[in-house]
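Okay, structure first, notes after.
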Amino acid sequence: MKAASRGRKRSSSATHAVCAAALLLARQLGPNRVTIEGIAAEAGVAKTTIYRRWPNAAAVVMDAFLAEIEPLIAYRRGHSVAETLRNALTDFARALDPGRRDLLRHMIGAAQSDPDLARAFWDNWIRPRREEGLAAIEAGGLSRDEGALLLDLVFGAFYYRLLIPYAEIDDPWIDALVRKVCP
């Protein structure tokens, strides 16, 4: 026998409206200036609707960003660790259209001085992606420590170019990076 659920069922349309509002405001104002009040007003929902799902505005922005980008960046395992890394970097670069790229830059910058955003960034973006990457690399035969170093090297270079956009993140650069790191 199924236990009775408490309260009303969460509305997927409200969740969608909240996420869309959070992304819109984050792009307009910067992620560190988004508030629950602003999201609620833009989405046309009560603040309590938001607080039932998220602890703060930073978590809403991060979840909205992830919902939009995650389907585009799942790790595709290749026949080798190098191919898996190349797939991950290529998919990530393609998923970062100009709007997402700017928002990610802003979120990384804002996370440096906003503890809520920093926590949401680590909990919802970096740690899960890192674990997924480590699992893919370990499946390719490398140890967890070797995999962690490879991820630091390739994604460190990727984020450097993302944050200091002096050159494109394109296929030839990704291929050269992976060849250097995974000879």
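The values are calculated or read from the model by the stated rules, or taken from the named source; none is laboratory data. Because the structure is predicted, anything quoted here is derived from the model rather than measured. Here the Cβ is made from the backbone with ideal geometry for all residues, glycine too, and neighbour counts use every protein chain on show. Each accessible area value is taken on the protein alone, full model and side chains, heavy atoms only, with ligands, DNA and RNA left out. Shrake-Rupley method; radii C 1.70, N 1.55, O 1.52, S 1.80 Å.
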Among (1) under 19 Å from Leu153 (Cβ atoms); (2) of a type outside the set (A, V, I, L, M, F, W, C); (3) in contact with a helix residue (DSSP H, G or I) (Cβ under 8 Å, 6 or more places away or on another chain); (4) at pLDDT below 95, there is one condition Arg53 misses while meeting the rest; what is its number? (1)
Out of (1) open to solvent by 20 Å² or more (accessible area, probe 1.4 Å); (2) assigned to a helix (DSSP H, G or I); (3) modelled with pLDDT of 95 or more; (4) not basic (Lys, Arg), the one Val45 does not meet is (2)
Looking at Ala43 and the list (1) without any contact (Cβ under 8 Å) to a residue 40 or more places away in the chain; (2) touching a Leu at 6+ places or on another chain (Cβ under 9 Å), which single condition is not satisfied? (2)
Looking only at segment 26-42, count how many residues are open to solvent by 20 Å² or more (accessible area, probe 1.4 Å), assigned to a helix (DSSP H, G or I) and modelled with pLDDT of 95 or more. 4
In segment 50-65, how many residues are open to solvent by 20 Å² or more (accessible area, probe 1.4 Å) and in a helix (DSSP H, G or I)? 2
Qualifying position, being touching a residue at least 12 places away in the same chain (Cβ under 8 Å), touching a Ser or Thr at 6+ places or on another chain (Cβ under 7 Å) and not small (Gly, Ala, Ser), among Arg77, Arg100, Arg27, Arg105: Arg77
Please identify the pairs in which a residue from segment 112-126 that is modelled with pLDDT under 90 has its Cβ atom under 7 Å from the Cβ atom of a residue that is open to solvent by 50 Å² or more (accessible area, probe 1.4 Å), counting only partners at least 6 apart or on another chain. Asp114/Asn32; Leu117/Asn32; Asn124/Asp63
